[in-house]
Every structure is written in C-alpha cells, then in structure tokens.
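Let me begin by presenting the structure, written as structure tokens, before commenting on it.
The values are calculated or read from the model by the stated rules, or taken from the named source; none is laboratory data. Note that the structure is a prediction, hence the values are computed from the model and not measured. Cβ sites come from the backbone with ideal geometry, for glycine too, and all protein chains shown count toward neighbours. When the accessible area is computed, the model is the full protein with side chains, heavy atoms only, and any ligands, DNA or RNA have been set aside. Shrake-Rupley method; radii C 1.70, N 1.55, O 1.52, S 1.80 Å.
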Amino acid sequence: MAIALITGGTSGIGATFARQLAAQGHDIVLVARDRDRLDQMAHELRGMAREVEVLSADLARRADVAKVVKRLEDAKKPIDVLVNNAGFGMHRRLSDADSSGHDLAFEVMVRSVRELGAASARVMRDRGAGRIINVSSTAGFVAMASGYSSIKAWVTNFSESLSNELHGTGVTVMALCPGWVHTEFHDRAGISKSSIPGWLWLDADKLVRIALRDAEKGKVISIPTIRYKVLMGILRHLPRSTVRSISRSISSSRTASSAVVP
C-alpha cells in the first residue's frame, strides 16, 4: 500500500491533496502544527484510507523538521509520495528592517522544502521509485514587492534542479504552480481578494486533480488550467520590464499586512 506524506495537510490545498490521495487508496501521513486540526482531519480521512498517521510539527522549528525527515527515512514504512505544501502568504517588504517575517518564511517555505525534498530524494532514489510534489505558485513567475514571489521562484527552480538530479532514477519531482485558489489562504494572510477577477479563481478540488494527473505523467512543472498556461506563457515572452510593471500593479492591489501562518 502506497503512503503519502503531506505537510500543511489540515487545510486548503494540503487537505485537498490528503482527501484525493486517500480516495485513491493511499495511506496518509499528515503533518501540521495544530494537533486538534490534525486529529479532526485524520478522523475524516479514516473513512477513506486504511491508515492515517498524524505528526505534529512546526516547520519553522528545525528540530521539528528533523522529526519529519526521520519519518521520511523510515524504511519500515516508506513514503511513496511527498507533498511539500506547508506555507503562508506574506506581505513584508523586502527592505523591511524587521526580518522576522522573512526568517519565518525562509524556514517554512525554503529550508524545510529543501530538507524534506532532499530526504525523500535520497530514500526514494535508493528504492528506485517515488514522487515529490512541491507546491509553488504562479507568483514565482512575476516580481511582486514581497518575499513570497521570490520564495516561490526558488521553489520552482529547486524542483526543476532536483528533477534533473534524479533523472533516470525512477523518482519524479514536480512544482505545482497554482494561481488564485478558493481556500482560506488569502483570508488568513490578510490579502484583499476584491480586485481579483472571478475568472482567475481556481477550485481546489480541480487543481489537485490536475496536479496528481500531471505528476503521474512525470511533468516537472504543473500550471493548472488552460487560462493560467496561456497567461504564464505570455509572461515568459514579455520583456522583463513589462513583467515588473505588471507585478507592481498586482502588488498595489493588495492590502499591506503582516504574514499570518495557516
């Protein structure tokens, strides 16, 4: 029986991954900070999956990241699918003197992604099979005035680089790059949604179905729906000065607020 480990698996995109992977017959390992929410999600999933483990871990704490790495390295219950999903929205300026928000974002969305991805890569490579899905964002294709955009650019590039490293080993790596998705993510981050056109919003269930299908096909970058593929294709061919101008417009449409961890 295949086992999937999902970080940030109690809400939003992560919870949707957990539900769909459980429905496909995977056993599930849920990783999140809030033990109550972990137990609630595990109770829901036990109606679909044979076994659901919960691992309470704050990925901003390196000792907790090490706990998750240890679980990934457990040869007795090998992880077949890693979904690196944990993250949060942020609106700290890159030039802010207070770097605490950027430090937190780095630990959760950069360092832990590398640590968990690297641990999975090692054990999956030895077995000759496995799948790593890193939840990135279309924000990584633009240059918004916050750390989130540059972090997600790193996640996408890291995924491509790790995919190259694992080429031919039987292990696949994919960056999922969604746009705006109907979850609690934006509300928790204090991000204004009123200026975002309705046609840009994605349904989380559809998003994850596309992601799992693309991962099965071995795609390295998954951009959901034709409309986002077209938009990102246009961005890639625009002059960078134009991309920066578009990015400034997106940034100005959002409220200035501190990051809120989901």
Report summary line: In the set 83, 69, 31, the lone residue that is more than 26 Å from residue 206 (Cα to Cα) and under 18 Å from the mean Cα position of the chain (by Cα) is 69
Query raised in the report: Right, residue 175: small (Gly, Ala, Ser), in a helix (DSSP H, G or I) and at pLDDT 90 or above or not?
Result: no
Query raised in the report: Is there any pair with a first residue in segment 214-236 that is in a helix (DSSP H, G or I) and a second that is surrounded by 15 or more Cβ atoms within 10 Å (Cβ to Cβ) and among the aromatic types (Phe, Trp, Tyr) whose Cβ atoms are under 6 Å apart and which are 6 or more apart or on different chains, and what are they?
Result: 232/141; 235/141
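Each row is one residue, and each column tells you yes or no for (1) open to solvent by 50 Å² or more (accessible area, probe 1.4 Å); (2) at pLDDT 95 or above; (3) not small (Gly, Ala, Ser).
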{"site": "182", "(1), (2), (3)": "yes, no, yes"}
{"site": "196", "(1), (2), (3)": "no, no, yes"}
{"site": "206", "(1), (2), (3)": "yes, no, yes"}
{"site": "213", "(1), (2), (3)": "yes, yes, yes"}
{"site": "225", "(1), (2), (3)": "no, no, yes"}
Report task. Any residue in segment 57-77 that's within 13 Å of residue 124 (Cα to Cα): show its pairings with residues that are polar (S, T, N, Q) and open to solvent by 30 Å² or more (accessible area, probe 1.4 Å) at Cβ separation under 9 Å, as long as the two are six or more apart or on different chains. Result -> none
Report summary line: Conditions (1) modelled with pLDDT of 95 or more; (2) outside any helix (DSSP H, G or I); (3) surrounded by 20 or more Cβ atoms within 10 Å (Cβ to Cβ) -> residue 169 fails only (3)
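Considering segment 57-75 alone, what residues qualify as being farther than 17 Å from residue 107 by Cβ and modelled with pLDDT of 95 or more?
70, 71, 72, 73, 74 - these are the residues of segment 57-75 that are farther than 17 Å from residue 107 by Cβ and modelled with pLDDT of 95 or more.
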